[in-house]
Amino acid sequence: MNTLPLVLPELRPALDIFPSADLSSETLPALRSALEDRAAQAFQTAEDFRVTLEQRHIPADGDERTLRLLTIRPTQTASSPRPVLLHLHGGGHCAGRPEQNTGDLCRFAQELNCLVISPDYRLTPETPFPGGIEDAYTTLCWIHDNAETLNIRRDQIGVTGESAGGNLAAALCLLARDRHGPAILFQNLIYPMLDDRTVNDAPNPSPTAGEFVWTRASNTYAWDILLTPSRPGDENISPYAAPARATDLSGLPPTIMTVGALDLFLEEDLLYAQRLIRSGVFVELDVVPGAYHAFDVTDAPIAKQTLERRITSMRRFFSPSED
């Protein structure tokens, strides 16, 4: 089905600048290069905000390597410990780095008066599952264990991520619950990639989802290299790789979820939200009509409005610090 008529008019011009090729081993270098360029451009926007950016390297469990973190904090001195937002960037698990989201992360730090930390987690295909999620968990534990040094509150750690980063954020909440790790205040999932079974041969695929930006072919390749040597759709796929595989969603933190009505991930995200609700988890769901995957990286009014709603939602959880 040609879904272009369903796209919001304000979002149609941006389709000319998004990559048109399906993701594969041949096109992956181009995606990585495009996200590197985006990161370089976005990083320059930091000067527009009253924030301080730093890089830290923390020990990574199990070997001698370190994990790089991008940290962003308001320049104004805090009179009491701040909340902290752990961010996980998108890029299909195989591309990207924290700096590509610099503008949004600076806004979060400034408007939510919080510390933002985003790890440069390991990517596929060089490091398949569980490399990325273990890096996310290492970051979460490091934040919790260094709360005094960071001047943050251990009881106000939120997580957020978009696309593959939304996958990692959702998986991190499951992993922290199951390992009895640090408590997470909320999860802000932005068109999260949750289910490996949403691939080319999925039964009864939606006729209106996945035509633009992130296609079924791209999705299949991304899951292939994440799950290797397993394959998408195999039995016994870990819920820490594909959160939709989790059989128990109880005890997870309140959830904010945003997804476009034309996004390939729409139906798996709706189902996950429904299952969270049925498990007694607070869910705030924002389905954006006429929006495709990653629509919010555009300058369209709907992108700005959606970002404002996310900030408002996160602010409700980040209550003022108490002495």
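The values are calculated or read from the model by the stated rules, or taken from the named source; none is laboratory data. Quick caveat, the model's predicted, so the values are computed rather than measured. Backbone-built Cβ (ideal geometry, glycine too); neighbour counts: all protein chains shown.
Evaluated against (1) at pLDDT 95 or above; (2) hydrophobic (A, V, I, L, M, F, W, C); (3) within 21 Å of residue 264 (Cα to Cα), residue 1 falls short on exactly one condition, (1).
For residue 73, indicate whether it is at pLDDT 95 or above, on the phi < 0 side of the Ramachandran plot and not small (Gly, Ala, Ser).
The answer is yes for residue 73.
Within the range 55-80, restricting attention to residues that are in contact with a helix residue (DSSP H, G or I) (Cβ under 7 Å, 6 or more places away or on another chain) and not small (Gly, Ala, Ser), the residue that is farthest from residue 168 (Cα to Cα) is 74.
All conditions but one from (1) surrounded by fewer than 24 Cβ atoms within 10 Å (Cβ to Cβ); (2) touching a residue at least 60 places away in the same chain (Cβ under 8 Å) apply to residue 167; the one that does not is (1).
Return the total of residues in the range 95-108 being out of contact with any Phe, Trp or Tyr (no Cβ under 6 Å at 6 or more places or on another chain) and surrounded by 24 or more Cβ atoms within 10 Å (Cβ to Cβ). Working first, answer last.
Taking the range 95-108 first, the residues out of contact with any Phe, Trp or Tyr (no Cβ under 6 Å at 6 or more places or on another chain) are 95-98, 100-101, 103-105, 107-108.
Subsequent filtering for residues that are surrounded by 24 or more Cβ atoms within 10 Å (Cβ to Cβ) retains 96, 98, 100-101, 105, 108.
Here the count works out to 6.
Scanning the range 262-271 for residues that are buried (at least 17 other Cβ atoms within 10 Å of the Cβ) and either outside any loop (DSSP other than H, G, I, E, B) or without any contact (Cβ under 8 Å) to a residue 40 or more places away in the chain (or both) turns up 266, 267, 268, 269.
Go through the range 304-322 and report how many residues are in contact (Cβ under 8 Å) with a residue 60 or more places away in the chain, surrounded by fewer than 19 Cβ atoms within 10 Å (Cβ to Cβ) and of a type outside the set (Ser, Thr, Tyr).
Initially, the range 304-322 is screened for residues in contact (Cβ under 8 Å) with a residue 60 or more places away in the chain, giving 307, 310-311, 313-315, 317-319, 321-322.
Now drop any that are not surrounded by fewer than 19 Cβ atoms within 10 Å (Cβ to Cβ), which leaves 307, 311, 313, 315, 317, 319, 321-322.
With of a type outside the set (Ser, Thr, Tyr) added as a condition, the list becomes 307, 311, 315, 317, 322.
Within the range 304-322, residues that are in contact (Cβ under 8 Å) with a residue 60 or more places away in the chain, surrounded by fewer than 19 Cβ atoms within 10 Å (Cβ to Cβ) and of a type outside the set (Ser, Thr, Tyr) number 5.
Restricting attention to the range 53-84, the residues being of a type in the set (Val, Ile, Thr) and more than 22 Å from the chain's Cα centre (by Cα) number 2. Within the range 220-261, the residues that satisfy the criterion of being in a helix (DSSP H, G or I) and touching a residue at least 60 places away in the same chain (Cβ under 8 Å) are 221, 222, 225, 226, 227, 243. A single member of 10, 47 is out of contact with any Lys or Arg (no Cβ under 9 Å at 6 or more places or on another chain), exposed (fewer than 15 other Cβ atoms within 10 Å of the Cβ) and not aliphatic (A, V, I, L, M), and it is 47. Looking at 179, 216, which is the one that is within 25 Å of residue 98 (Cβ to Cβ) and either more than 16 Å from the chain's Cα centre (by Cα) or not small (Gly, Ala, Ser) (or both)? Result of the check over 179, 216: 179. Cβ separations smaller than 6 Å between residues 6+ apart or across chains give the following pairs from the range 177-198 residues that are of a type in the set (Lys, Arg) and surrounded by fewer than 24 Cβ atoms within 10 Å (Cβ to Cβ) to residues that are at pLDDT below 95 and assigned to a loop (DSSP other than H, G, I, E, B): 197/233.
Name the residues in the range 6-22 that are part of a helix (DSSP H, G or I) and more than 18 Å from residue 264 (Cβ to Cβ), would you? Give the steps one after another, and end with the answer.
So in the range 6-22, the residues part of a helix (DSSP H, G or I) come out as 6, 9-11, 13-16.
Passing the criteria: 9, 10, 13, 16.
Of all residues in the range 134-189, those satisfying the criterion of being among the basic types (Lys, Arg) and not in a helix (DSSP H, G or I) are 153, 154, 179.
In the range 283-297, what residues are in a loop (DSSP other than H, G, I, E, B) and touching a strand residue (DSSP E or B) at 6+ places or on another chain (Cβ under 7 Å)?
Just the residues of the range 283-297 that are in a loop (DSSP other than H, G, I, E, B), to begin with: 289-294.
Listed by number, the residues that qualify are 291, 292, 293.
Apart from one condition, residue 206 fits all of (1) hydroxyl-bearing (Ser, Thr, Tyr); (2) closer than 22 Å to residue 232 by Cα; (3) buried (at least 21 other Cβ atoms within 10 Å of the Cβ); the exception is (3).
Does residue 246 qualify as being touching a strand residue (DSSP E or B) at 6+ places or on another chain (Cβ under 8 Å) and under 20 Å from residue 168 (Cβ atoms)? Spelling it out, it is not the case that residue 246 is touching a strand residue (DSSP E or B) at 6+ places or on another chain (Cβ under 8 Å) and under 20 Å from residue 168 (Cβ atoms).
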